[in-house]
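Single-structure report; data block below.
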Amino acid sequence: MNEEEMRKRLEVLRIEHRDLDAAIDALTAAGSTDQLQIARLKKRKLRLKDQIALIEDYLIPDIIA
């Protein structure tokens, strides 16, 4: 995967992460009793966060101070 593809993938992951956040907030605000679904969405959101962090670490070089 080249850098341009990684940047596109990163944007897609960020959008999906934001959408999951909105879905979790909506379910919680609606008083949803389906805690299993909310837990699954939160778990998916965490996986996305990990993937985002991996790509960002690759794209942004470490600066030795």
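The values are calculated or read from the model by the stated rules, or taken from the named source; none is laboratory data. In this text the structure is predicted, and so the values were computed from the model without any measurement. Every residue, glycine among them, receives a Cβ derived from its backbone with ideal geometry; neighbour counts consider all protein chains shown. Note: areas computed on protein heavy atoms with side chains; ligands, DNA, RNA excluded. Shrake-Rupley method; radii C 1.70, N 1.55, O 1.52, S 1.80 Å.
May I ask you to list the residues in region 53-65 that are under 27 Å from Met1 (Cβ atoms) and outside any helix (DSSP H, G or I)? Give the derivation first.
Narrowing region 53-65 to residues under 27 Å from Met1 (Cβ atoms): 53-64.
Listed by number, the residues that qualify are Ile60, Pro61, Asp62, Ile63, Ile64.
Exactly one of (1) loosely packed, with under 14 Cβ neighbours inside 10 Å; (2) touching a helix residue (DSSP H, G or I) at 6+ places or on another chain (Cβ under 8 Å); (3) part of a helix (DSSP H, G or I) is unmet by Asp50. Its number?
The number of the failed condition is (2).
Among the listed residues Ile38, Ile63, which satisfies the condition of being aliphatic (A, V, I, L, M) and open to solvent by less than 80 Å² (accessible area, probe 1.4 Å)? I'd like the intermediate steps shown before the answer.
On the way: Ile63 fails: open to solvent by less than 80 Å² (accessible area, probe 1.4 Å).
When all the criteria are applied, what remains is Ile38.
Taking the criterion of being open to solvent by 80 Å² or more (accessible area, probe 1.4 Å), within 23 Å of Tyr58 (Cβ to Cβ) and among the acidic types (Asp, Glu), would at least one residue in region 9-21 satisfy it?
Within region 9-21 (the criterion being open to solvent by 80 Å² or more (accessible area, probe 1.4 Å), within 23 Å of Tyr58 (Cβ to Cβ) and among the acidic types (Asp, Glu)), the answer is yes, since at least one residue qualifies.
Quick one: how many residues across region 22-35 are exposed (fewer than 11 other Cβ atoms within 10 Å of the Cβ) and among the aliphatic types (A, V, I, L, M)?
4
For region 21-38, state whether one or more residues are of a type in the set (S, T, N, Q), touching a helix residue (DSSP H, G or I) at 6+ places or on another chain (Cβ under 7 Å), free of Cβ contacts under 8 Å to residues at least 12 places away in the same chain and not in a helix (DSSP H, G or I).
Yes.
Anything in region 2-20 that is in contact (Cβ under 8 Å) with a residue 24 or more places away in the chain and in a loop (DSSP other than H, G, I, E, B)? List them, or say none.
Within region 2-20, the first condition is being in contact (Cβ under 8 Å) with a residue 24 or more places away in the chain, and the residues that meet it are 3, 6-7, 9-10, 13-14, 16-17, 20.
Correct list: empty.
Give the number of residues within region 10-21 that are of a type in the set (Lys, Arg) and either more than 14 Å from Arg47 (Cβ to Cβ) or touching a Lys or Arg at 6+ places or on another chain (Cβ under 9 Å) (or both). Give the steps one after another, and end with the answer.
Going residue by residue through region 10-21, those that are of a type in the set (Lys, Arg) are 14, 18.
With either more than 14 Å from Arg47 (Cβ to Cβ) or touching a Lys or Arg at 6+ places or on another chain (Cβ under 9 Å) (or both) added as a condition, the list becomes 18.
Residues in region 10-21 being of a type in the set (Lys, Arg) and either more than 14 Å from Arg47 (Cβ to Cβ) or touching a Lys or Arg at 6+ places or on another chain (Cβ under 9 Å) (or both): 1 in total.
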